[in-house]
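Engineer: Okay, handing you the structure first.
Here, each number is a calculation from the coordinates, and none is a lab measurement. Bear in mind the structure is a predicted one, so any value in this text is a computation, not a measurement. Cβ atoms come from the backbone with ideal geometry, glycine included; neighbour counts cover every protein chain shown.
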Amino acid sequence: KNGREFPISLDSSAVRDENGRKFALVGIARDITERKRHEEELIQAREGADAANRAKSRFLANMSHEIRTPMNGVLGMLQLLLETDLTAEQQEYADVAKNSGWTLLALIDDILDLSKIEAHKITLENLEFNPRQTVEDVVGLLHVQADPKGLALRSHVAAEIPPLLRGDERRLRQVLTNLVGNAIKFTAQGEVAVYASLESQDGTKSTLKFAITDTGIGLPPGQETQLFSPFVQADVSTTRKYGGSGLGLAICKQLVELMGGTIGIESRQDQGSTFWFTVPLDPAAPAERPDQKKDERKPAPDAISRPIAAKARSSVRALATGESKGHILVAEDNATNRLVAVAQLRKLGYRATAVNNGAEALEAVQQTHYDLVLMDCQMPLMDGFEASRRIRAIQPNLTIIAVTADAMPDDQDRCLREGMNGYLAKPVAIHQLREVLAKWLPASVPTGNLVVQ
Ligand code: ADP
């Protein structure tokens, strides 16, 4: 009546006369202004929560970046210290410090992983792989943990699983490693087994089901669903007794769902658990023969997998001075990390020169011949991206490897976009450095005396 417009909900029905003919309409119109307002509020609240969650994830990513930088110094220096002549006692202390460092780093990696998934920063790969091989690799690696406990560790891969499928093998491996690792961790005696079967197959997709069973402590009833939330452990004494952060299963769930699968648990307290998950995978391209394809499988461009605790062991022999495998320029603004990089390169038998920022790097490559540049990304005066662009313009063929604490995929892409050839995430373990250098500088070129600045 007053001309105001408002939303209504209208129910109406026909009214019929005695002969069944419709002659009128009865309707009830409800003013739903209030309801609409509530809906709007809910939408806003959800958007606010999403934004807060993204901000949290970004914050975690930034924090882990900040933490990785000093960790590079700590771990690099410990590695170098361990290469020197130490007494047995000193060696033991330094070993413990180093192992703790890598454990801390593995935790930071987990937090980063979770925040990347939550910030929708993870893109899945779709490459061909052999699922049987994946299971065998994971089981093979985890024998190191199962054998000392006297646990049997076995795997069974159903014969009908196609030998070659397409999907994100790295993520699948990550989930399997996590679940099998947990099974070993929470089992004192008996066995851990991994079963892979073909759950279903429709025209295009093969859905695989993986089940990891153990004869371990099991779970109290009612715990199953909660465990997939971040930072949740079955009972508070778990952390004290077994260690761990409660992030592993949360990451597994997110990754499995991202890949289009589901994850679940069946467990009885004190009798063991079965953790299972499914993953739909694409068929392999028909023309390729499996044996050919396997070797061609290529990892993401030089995205050197971030170090994990178990991989940390590497023993490096210093080469005799006087001959080097190549001259490397290190551009890095952090003094400790400069020292670490130069010392690592020297251990690996390279000649190394370090500068403090991108501008100095640009100048250095114009004055001296370098075989390769290790380029930090964030530096004062001129950052690594700009320096790389400018170096590219004058020396298109010089190999530039980004070395950075930014471990988000975007950052890796950016390095490659800006003309760098590869990417190393900090902290850089000496074996990773060795792999990258061996890849880019395959021939040993004697280039005179070892110079370390
Ligand atoms: P973490 O192992 O680092 O604590 P997870 O997210 O991997 O974190 O696991 C969360 C919790 O789930 C563990 O603390 C443990 O209580 C329980 N759990 C996981 N795997 C098993 C298993 N195989 N048997 C019994 N309990 C398990």
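Engineer: Quickly rank 397-405, 124-132 as a protection proxy: mean count of other C-beta atoms within 10 Å, highest first.
Structural biologist: Highest to lowest by the protection proxy: 397-405, 124-132.
Engineer: A further question on this structure: Once you place label points 7 Å from the Cα toward the Cβ at Glu224 and Glu83, how far apart are they in nm?
Structural biologist: Going from the Glu224 label point to the Glu83 one covers 5.2 nm.
Engineer: Counting DSSP beta bridges in the chain, what percent are antiparallel, to the nearest 5?
Structural biologist: 60 percent
Engineer: Using the beta-carbon distance between Ala52 and Thr123 and R0 = 25 Å, what value does 1/(1 + (r/R0)^6) give for FRET efficiency, to the nearest 0.05?
Structural biologist: Once the sixth-power term is evaluated, E becomes 0.60.
Engineer: Taking the mean number of other Cβ atoms within 10 Å as a proxy for protection, how do you rank 330-337, 25-32 from highest to lowest?
Structural biologist: 330-337, 25-32
Engineer: Could you give the angle, 0 to 90 degrees to the nearest 10, between helix 335-347's Cα long axis and the longest principal axis of the Cα atoms of the chain?
Structural biologist: 60 degrees
Engineer: Now for a separate question. If I model a spin label as a point 7 Å beyond the Cα along the Cα-Cβ vector, how far apart are those points for Glu34 and Gln90 in nm?
Structural biologist: The answer from the label model is 7.8 nm.
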